[in-house]
Amino acid sequence: MTTSVPPPTGDAHHRQVLHDNLQAAARNRGQEQKPAVRLFPGRWTRRDWAHASLFVTLGALVVALVPGLSQAMHEGQDPELVTMSLALPPLTAAQRTAQLPHDNWQLVTVEQGQTLGAIFEQMNLPAATMHRILESSDAKARLTRMRPGTELGFDLAADGRLNKLRYDRSDTERVELTLVGEQVEERVIERPVERRNVVISGEVGRSLFHSARRLGLSGAAINTLTDEVFKYDIDFNTDVTQNDRFSVVVEQIWREGELIGTGPVQAAVFTAKGKPFTAFRYEQGGKAEYYNADGRPLKKSFIRMPIQYARLSSRFGSRRHPVLGTMRMHKGVDYAAATGTPIMAAGDARVQFKGTQRGYGNVVILDHGRGHTTLYAHMSRFGNIRQGERVPQGKVIGYVGSTGLATGPHLHYEFRVNGVHRNPLQHTMPEPDPLTGAALAQFRAQTGPALARIREFEDIVYAQVPAAPDPDRQVATARSGGNSRG
């Protein structure tokens, strides 16, 4: 027997329908297939890529700028260390020495009038230490007669005691004194030098001395050119222009990359007003002189003017005597100059007379041989000469004064040939004897390469000189081996 349940009615029926609908909806949701979630749905556009790049950049900035965040991200992680082996080049001997505990040298340059005692006092070193060092004969000879510019080296301990003292005995030797207890040990260190023959060339410009010094020519070498080599042929006050040029061969001495000295001028070419004048140094019989390319000495037998920085105040010839007031022959020339101005021997000679002669006052007469004599009068005092002594050209034989019949300080100078007075301003002076025979052949063999080198250098350098050169332009120096130097 089947029993049927009657359907609900009213409110009960409404609740039943709602309950059935909710159960059906729940079953339907469970049966639905959910679509898979994709990280990169579809193809990205340029905007998508731009947005992604922006967010990545912002994230990196946040991590970098916020130390706490960066530290938190790396907490608990051990950093990975990487070790790499690098092959280094071997050290040189100098570098190995520098790596070792080495001496603490303090350098002192000796000043004018400064003594070793004053230097030790300046370094706070006791005098007893200095006396121990001076027990060495070489140290005593070198350190008690030091010239300004001498360099001394002091190696001091941490407590201020002197460990070592060093000084240069010569260009090639350095002496190092080490204090060991009460003893002083000496060690001589050889310092090799390199000698180079170089060509220094340039234009006169506004000043010969300034231009030559800028190019590296020493003051002594410049004075050799003007006061010894070319003074007989070139008047450097009137004959030289800005565009004239010079080329000089000198020997330079180098030590450890430093120029420490320059030898004498070996050869030179000076072009004045388009005319070249040459000079070569040649030693004969232990005496060095300068010759031209033909082997004739540049040094003349006589210099025209035996006094520098003087004014010609009276010429040779008939005149009224300034003191006596009578007309008489003036047998020499007068040079007005300040009292005490040095007077030089006009040429190589023997002192024939030194003393006083009437109106001449203090007078010196020199005998130059071959019948040539010169007289120098009115001296204030004599030079360091003796009667009968031989004197070289240019030696100071006295000083300007106004002794005898003179109205003011001046030099009265006479030139005589076989006792006859000649005008020293017009007389043709005798030429010195040239080199001959074997001496001339040796001279040419010695000086030929130097002249060829100068000419080769000038052909290369001055071929590039512009048509209108600047007066201040300097020409570079060419060293041996073809290297150039400014």
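The values are calculated or read from the model by the stated rules, or taken from the named source; none is laboratory data. As the structure is a prediction and not an experimental result, all values here were calculated from the model. Glycine also receives a Cβ, built like all others from the backbone with ideal geometry; neighbour counts cover every protein chain displayed.
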Practice item. Scan the stretch 165-184 and give yes if some residue there is modelled with pLDDT under 90, hydroxyl-bearing (Ser, Thr, Tyr) and not assigned by TED's automatic domain parsing to the domain that holds residue 459, otherwise no. Key: yes
**Study point:** Scan of the stretch 192-236 for residues that are surrounded by 14 or more Cβ atoms within 10 Å (Cβ to Cβ), without any contact (Cβ under 8 Å) to a residue 40 or more places away in the chain and of a type in the set (Gly, Ala, Ser), ordered by number
**Key:** 212
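Kindly provide the set of residues from the stretch 160-216 that are closer than 30 Å to residue 247 by Cα and of a type in the set (A, V, I, L, M), ordered by number. Full working, then the answer.
So the first thing to find is which residues in the stretch 160-216 are closer than 30 Å to residue 247 by Cα, and the list is 171-172, 192-216.
Answer for the stretch 160-216, where residues must be closer than 30 Å to residue 247 by Cα and of a type in the set (A, V, I, L, M): 193, 198, 199, 200, 204, 208, 212, 215.
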Exercise for review: Mind listing whichever residues of the stretch 281-295 are surrounded by 14 or more Cβ atoms within 10 Å (Cβ to Cβ) and assigned to a loop (DSSP other than H, G, I, E, B)?
Suggested key: 292, 293, 295
Exercise for review: Report yes if some residue within the stretch 384-391 is assigned by TED's automatic domain parsing to the domain that holds residue 336, closer than 14 Å to residue 345 by Cα, in contact (Cβ under 8 Å) with a residue 24 or more places away in the chain and among the β-branched types (Val, Ile, Thr); otherwise report no.
Suggested key: yes
Study note, to complete from the structure: Among residues of the stretch 419-434 being in a loop (DSSP other than H, G, I, E, B) and within 16 Å of residue 305 (Cα to Cα), the residue modelled with the highest pLDDT is 423
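Of the residues 359, 369, only one is over 44 Å from the mean Cα position of the chain (by Cα) and on the phi > 0 side of the Ramachandran plot; which?
Among 359, 369, only 369 is over 44 Å from the mean Cα position of the chain (by Cα) and on the phi > 0 side of the Ramachandran plot.
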Study note, to complete from the structure: Within the stretch 140-160, the count of residues that are within 18 Å of residue 173 (Cβ to Cβ) and either over 27 Å from the mean Cα position of the chain (by Cα) or surrounded by 11 or more Cβ atoms within 10 Å (Cβ to Cβ) (or both) comes to 9
Check your understanding: From the list 350, 416, which one is farther than 14 Å from residue 307 by Cα, among the basic types (Lys, Arg), assigned to a strand (DSSP E or B) and modelled with pLDDT of 95 or more?
Key -> 350
Practice item. Go over the candidates 242, 266, 252 one by one and state the one that is at pLDDT 90 or above and either closer than 29 Å to residue 450 by Cα or in a loop (DSSP other than H, G, I, E, B) (or both). Key: 266
